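Trainee: This is the structure I want to talk about, given as structure tokens.
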Amino acid sequence: MTVAVVLLTTALVTLVALLAAAGAGKLARMDNASYPTALTRAATTFVAVITLAAVVASALAVYLF
């Protein structure tokens, strides 16, 4: 049961990170940024969301165990 929860949570966080990255890339392109700049902004957003999820998970792990 625990493995399933961990896998589903990981999938959800990855999906949210991808959606945020796609949104950031689209907004960058709408702001007339070049494709490399838009890709850089999307990648930065993806990494930021994954990092934020890891920080929150590590902070909450203290209370779970």
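The values are calculated or read from the model by the stated rules, or taken from the named source; none is laboratory data. Remember, it's a predicted structure, so these values are computed and weren't measured experimentally. These accessible areas exclude ligands, DNA and RNA; they are computed on the full protein's heavy atoms, side chains included. Shrake-Rupley method; radii C 1.70, N 1.55, O 1.52, S 1.80 Å.
Trainee: Taking θ = phi - 60°, what integer Hz values does the Karplus form 6.51 cos²θ - 1.76 cosθ + 1.60 yield along region 54-65, in sequence order, with x for Gly and Pro?
Mentor: 3J(HN,Hα) across region 54-65, in whole Hz: 5, 5, 5, 5, 5, 5, 7, 5, 5, 7, 8, 10.
Trainee: Compute the accessible area per residue over the chain, keeping the other protein chains in place, probe 1.4 Å, unit Å².
Mentor: Accessible area per residue, the chain: 78 Å².
Trainee: Given only helices, namely DSSP H runs of n ≥ 4 each adding -39500 (n - 2.57), what is the per-residue ellipticity at 222 nm of the chain, to the nearest 500 deg cm²/dmol?
Mentor: Numbers: 2 runs with 59 residues, N = 65.
Dividing the helical sum by the residues of the chain leaves -32500 deg cm²/dmol.
Trainee: Calculated from the structure, Rg and Dmax of the Cα atoms in Å equals which of [x] 10.7, 29; [y] 16.9, 51; [z] 14.9, 48?
Mentor: Working out Rg and Dmax of the Cα atoms in Å from the coordinates points to [z].
Trainee: Share of the chain's accessible area from carbon and sulfur, percent, 1.4 Å? Mind showing how you got there, number by number?
Mentor: Working: 3990 of 5100 Å².
With neighbouring chains kept in place, the figure for the chain is 78 percent.
Trainee: Let me ask another. Round to the nearest 10 and give me the degree value, 0 to 90, for the angle of helix 2-30's Cα axis relative to the longest principal axis of the chain.
Mentor: Compared with the principal axis, the helix lies near 10 degrees.
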